[in-house]
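Working notes, structure below.
No lab work stands behind these numbers, since they all come straight from the coordinates. Computed from a prediction, not measured in an experiment: that's the story for all the values here. Because the Cβ atoms are built from the backbone with ideal geometry, glycine has one as well, and the counts that use them run over all protein chains shown.
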Amino acid sequence: MPKLKSHSASKKRFSVTGSGKIKMGHAFRRHRLISKTKRAKRDNRDTAFASAADAPVIKKLIPYK
């Protein structure tokens, strides 16, 4: 079976945990932080995990991670 190409943008954004979950960063954390609540900024610091519906698609994009 030939090797598969990894999706370069996805390599930079997602990683797979030992249990197989897709780990990613939160959105809305880059700029215009003054208008966001302290709670929203604090919650976005945590690691985010992709939903179960999106995980199979992401795993196809990063087959060797």
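Annotations
- Label reach from K5 (point 7 Å along Cα→C-beta): in region 28-65, amide nitrogens under 20 Å belong to 57-65.
- Integer Hz, Karplus 6.51/-1.76/1.60 couplings in order for region 6-17, x for Gly and Pro: 7, 7, 4, 5, 6, 4, 7, 9, 10, 9, 9, 7
- For the pair R29 and A48 in one chain, pulling the backbone fully straight at 0.36 nm per residue adds 5.6 nm over the alpha carbon distance.
- Per-selection Rg to Rh, the chain - Cα, Kirkwood hydrodynamic radius: 1.09
- Entries in K12/K36; K11/K41; K21/K41; K38/K60; K5/K38 that, when Cα-Cα distance is taken, lie over 31 Å: K38/K60; K5/K38
- Our coupling estimate for region 46-53, obtained by passing each phi through the Karplus curve with A = 6.51, B = -1.76, C = 1.60 and θ = phi - 60°, is 5, 6, 9, 10, 5, 5, 4, 6 Hz, Gly and Pro reported as x.
- Among F14, F49, F28: highest mean-square fluctuation, GNM of the chain, C-alpha pairs under 10 Å: F28
- Dividing the helix sum by the residues of the chain, where each DSSP H run of 4 or more adds -39500 (n - 2.57), gives a mean residue ellipticity at 222 nm of -8000 deg cm²/dmol.
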